[in-house]
Every structure is written in structure tokens, then in C-alpha cells.
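Visitor: Sharing a structure below in C-alpha cells format, with a few things to ask.
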Amino acid sequence: MVRGCPEPLSLQLPDQLALCVTPEQFAVLAAANRKLRLERTATGELIVNPPTGGKTGKRNLSITGQLSVWFEENETLGAAFDSSTGFELPNGANRSPDAAWVSQARWDALTPEQQEGFIPLCPDFVVELRSKSDTLQDLRSKMAEYIENGAKLGWLIDPKNKRVEIYRPGQGVEVLENPNTLSGETVLPGFTLSLNRVWA
């Protein structure tokens, strides 16, 4: 009698339970669970992000697609990344923004090994797209963390309320209600993100 493979088990972590892992343990977990978007806070708490739904995936594709087109036309300025890329921030947190960009000088300063693994820096530019399961409080904390760790520009895009929060170092958060486009400013010169498909 041939036995089939056992049913895979999924781990459910209640909100009140925190599971802490070391950077080494996180690297092993992330390698063994490539289909999951795992993150780790600066204090070592493991965060398991569920796969996105269809609408969020479609919106994120629009964002990363537009960033990719700009990157291809301006590839000497830096490197662009999608949501599957992990960054190890200076504070020790492991984060995977929905879209990110790093200047060429900072990218070139990394060794080939550093470029291959979790990138040991905070991106210059980050995007977090709010999904149905995300809380604004958690996303705002992440955006503040990016800025504190060296990001020069960050967008928190909230399709539910058609609102964008723009984060910059040394400045208060700018809130835009139902904007049609966003500017990459001096960080991503010439980049304009159309929000038509994100709001749709």
C-alpha cells in the first residue's frame, strides 16, 4: 500500500503571542518558507504575512511595474526591488517593502554575497501598499522605522481610503487625499506613479 504525503500544517500565531527568533534562525526560516512573506522586528519578533488577495496583488503589480519601467530607463541611478526582497535594516529588523529602490553608490558598495542575501541596508525609497489584513498603525510604524533607518522617501498607499501618506526624514507626514499621481521627487528623479489602477 502506497502512503500519500501528510497534509501540510500551518502555524497560527495569536495576536497576544510573540515568537522571537535570532537573525540566524530567521534566515533559516525564510529559506525554508519561500512562499511566505516573513519579516522580523528589531526586537526579534517573527511576523508572518499571509499571501495577498487578488486585488492587492493587482495593485502591487501596477506599482512595481511602473517602478520597473522607470528603473529600466534610469538603471545607472540605482537598483529597484519587488516585494519578495528582504532587507536587514541597521536596527536589526528584517523587512520586505512592497517596492523599494537603492541608489547605485550604495548598491555598488555591497559585496556580491551581500547583494545575494538579505540586503544589509535600508532602501532609499520604499512603498507599503495597505492590504485588507493590514492595520494602519502597523504600517505607520514600519514607515517610521524605514525613515529612522535611512530611507529618504516613503509612500504608504491606502486604497481603502484613497489616501497616501508621504514620509521624509526630518519632516512631518504629508497626507494626500485621492491623488492621481505621486512624484519620486529628487530621490527618484523623473519618476511619476499613476494611481488610476491602484484606486480602481
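The values are calculated or read from the model by the stated rules, or taken from the named source; none is laboratory data. In this text the structure is predicted, and so the values were computed from the model without any measurement. Note that we place each Cβ from the backbone using ideal geometry, even for glycine, and neighbour counts take in every protein chain shown. The protein model used for the area step is the full one, side chains on, heavy atoms only, and it has no ligands, DNA or RNA in it. Shrake-Rupley method; radii C 1.70, N 1.55, O 1.52, S 1.80 Å.
Visitor: May I ask you to list the residues in region 110-135 that are without any contact (Cβ under 8 Å) to a residue 60 or more places away in the chain and either among the aliphatic types (A, V, I, L, M) or open to solvent by less than 20 Å² (accessible area, probe 1.4 Å) (or both)?
Guide: The answer is LEU110, ILE119, LEU121, CYS122, PRO123, VAL126, GLU128.
Visitor: Here is a follow-up. From the residues in region 61-94 that are among the acidic types (Asp, Glu) and not in a helix (DSSP H, G or I), which one is nearest to the chain's Cα centre (by Cα)?
Guide: Only one residue fits best here, namely ASP82.
Visitor: On to the next question. Looking only at residues that are open to solvent by less than 40 Å² (accessible area, probe 1.4 Å) and touching a Phe, Trp or Tyr at 6+ places or on another chain (Cβ under 8 Å) in region 75-89, which one is nearest to GLY150 (Cα to Cα)?
Guide: Looking at residues that are open to solvent by less than 40 Å² (accessible area, probe 1.4 Å) and touching a Phe, Trp or Tyr at 6+ places or on another chain (Cβ under 8 Å), I get LEU89.
Visitor: Taking the criterion of being loosely packed, with under 14 Cβ neighbours inside 10 Å and closer than 26 Å to LEU77 by Cα, would at least one residue in region 162-170 satisfy it?
Guide: yes
Visitor: Let me ask something else about it. Exactly one of (1) modelled with pLDDT of 95 or more; (2) touching a Ser or Thr at 6+ places or on another chain (Cβ under 8 Å) is unmet by SER96. Its number?
Guide: (1)
Visitor: Which residues, taken from region 136-153, are surrounded by 19 or more Cβ atoms within 10 Å (Cβ to Cβ) and free of Cβ contacts under 8 Å to residues at least 40 places away in the same chain?
Guide: MET143, ILE147, ALA151, LYS152, LEU153
Visitor: Okay, next question. Just to verify a result, which residue in region 166-200, among those that are over 18 Å from the mean Cα position of the chain (by Cα) and of a type in the set (Val, Ile, Thr), is farthest from GLU128 (Cα to Cα)?
Guide: THR186
Visitor: Would you mind finding the one in LEU77, LEU61, LEU89 that is closer than 22 Å to LEU182 by Cα and modelled with pLDDT of 95 or more?
Guide: Sole residue among the options that is closer than 22 Å to LEU182 by Cα and modelled with pLDDT of 95 or more: LEU77.
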